[in-house]
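Some notes on the structure that comes next.
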Amino acid sequence: MFIQILGVFDILKKKEMSLQYYLQRLYEIQEEELDVLISIGAYYLQEDNFEDSLNYFEKALRMAIDMDDEEMEAFILDSIGDVYLNSRNIDKALEYYKEAMRIYFSIKSPLKDEIKEKIKEVKKIKEAIDITEISQIKERKVPEPEEPPELNLEKLNSKLDFVVNMVDSTSIYSSYSNDKEAVSHLKDAFRISRDIGDEAGEAALLLMLGNIALKQKEYTDAKKYLEDSKTFFRRLGDEKGTGVTMVLLGTLNFALGDMQEVSDNFRNAVEKFQKIGNKDAESAAIDLLNTLYED
């Protein structure tokens with residue numbers, strides 16, 4: 001071993017190469033590997049093999065971050081955005097484009113204006129798709145099934161929670177959501193809100209209780225909670241709260257096989273979100289409805 005170590009030092013002396021040389025050579029090799037990873041990712045993207053394309057771009061992204069190459073990092077983020085755009089996951093694509101733009105602007109890259117325009121165009125595409133999907137919701141006629149469809153709770157739970165959390169007044173009680181005694185705590189909070197005349201609190205708590213009952217397939221309780229919640233939100237003039245309650249009622253209608261009610265509730269909810277200009281709630285409602293019909 002000692003002889004081998006001496007051999008290494010002999011090689012270094014013989015070639016008279018500095019540490020700086022080897023570091024530079026290593027960087028060049030990494031750059032070459034990075035280029036190959038990006039090229040493979042681009043090839044798979046061209047072939048519509050989005051899974052492999054994403055895999056190679058993510059490897060390239062980790063390498064660019066390790067190399068502290070912000071320009072390349074932004075370029076790869078942009079490319080990953082292209083993968084999601086081509087696979088029709090527009091929200092995810094916009095996330096990556098925006099992060100790429102942030103880096104381009106921070107380093108004053110000449111590509112900053114190009115990515116800015118790209119984001120504008122993708123937002124137009126998203127808006128056009130949303131309008132089309134909203135029109136389909138309004139026109140959708142679904143025959144009544146012989147048996148009520150089964151809710152896929154694994155897919156729905158997080159989406160239902162996401163929609164409920166869009167109502168500002170629910171945030172005060174969010175700590176109860178994952179508690180084993182959530183229903184008991186929410187009912188206690190509801191009684192307190194009722195005693196002090198806090199109608200906004202009552203509306204939010206009924207919505208949360210309805211969401212839990214729906215997820216637990218206690219449909220009779222869910223319907224009562226949600227209908228009462230909608231009444232409170234309407235009385236308060238809270239369009240977003242009313243719309244969110246309608247989204248949950250539409251999901252409940254789906255579980256019960258009331259397909260016309262599904263269409264009516266989701267359509268009315270989307271119209272309310274459009275009225276107040278809340279595109280996030282609008283997109284969330286469409287996403288939830290599409291998830292219901294996936295199977």
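The values are calculated or read from the model by the stated rules, or taken from the named source; none is laboratory data. Since we're looking at a predicted model, the values are computed, not measured. Please note: Cβ atoms are built from the backbone with ideal geometry, for glycine as well, and neighbour counts cover all protein chains shown. These accessible areas exclude ligands, DNA and RNA; they are computed on the full protein's heavy atoms, side chains included. Shrake-Rupley method; radii C 1.70, N 1.55, O 1.52, S 1.80 Å.
One line per residue, one yes/no per condition, for (1) among the small types (Gly, Ala, Ser); (2) modelled with pLDDT of 90 or more; (3) closer than 17 Å to Arg234 by Cβ:
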| position | (1), (2), (3) |
| --- | --- |
| Asp264 | no, no, yes |
| Glu271 | no, no, yes |
| Lys275 | no, no, yes |
| Lys279 | no, no, no |
| Ala284 | yes, no, no |
| Asp287 | no, no, no |
| Tyr293 | no, no, no |
Only listed residue being polar (S, T, N, Q) and under 22 Å from Ser158 (Cα atoms), chosen from Gln216, Gln260
Gln216
Given the conditions (1) crowded, with 18+ Cβ neighbours inside 10 Å; (2) free of Cβ contacts under 8 Å to residues at least 24 places away in the same chain; (3) over 18 Å from Leu34 (Cβ atoms), every one holds for Asn49 apart from (1)
Out of all the residues in segment 179-186, is one or more open to solvent by 50 Å² or more (accessible area, probe 1.4 Å), among the polar types (S, T, N, Q), within 25 Å of Gly250 (Cα to Cα) and outside any loop (DSSP other than H, G, I, E, B)?
no
Give just the number: which of (1) more than 23 Å from Asn152 (Cα to Cα); (2) open to solvent by 10 Å² or more (accessible area, probe 1.4 Å) does Ala203 not satisfy?
(2)
Any idea how many residues of segment 60-108 are over 19 Å from the mean Cα position of the chain (by Cα) and among the basic types (Lys, Arg)?
3
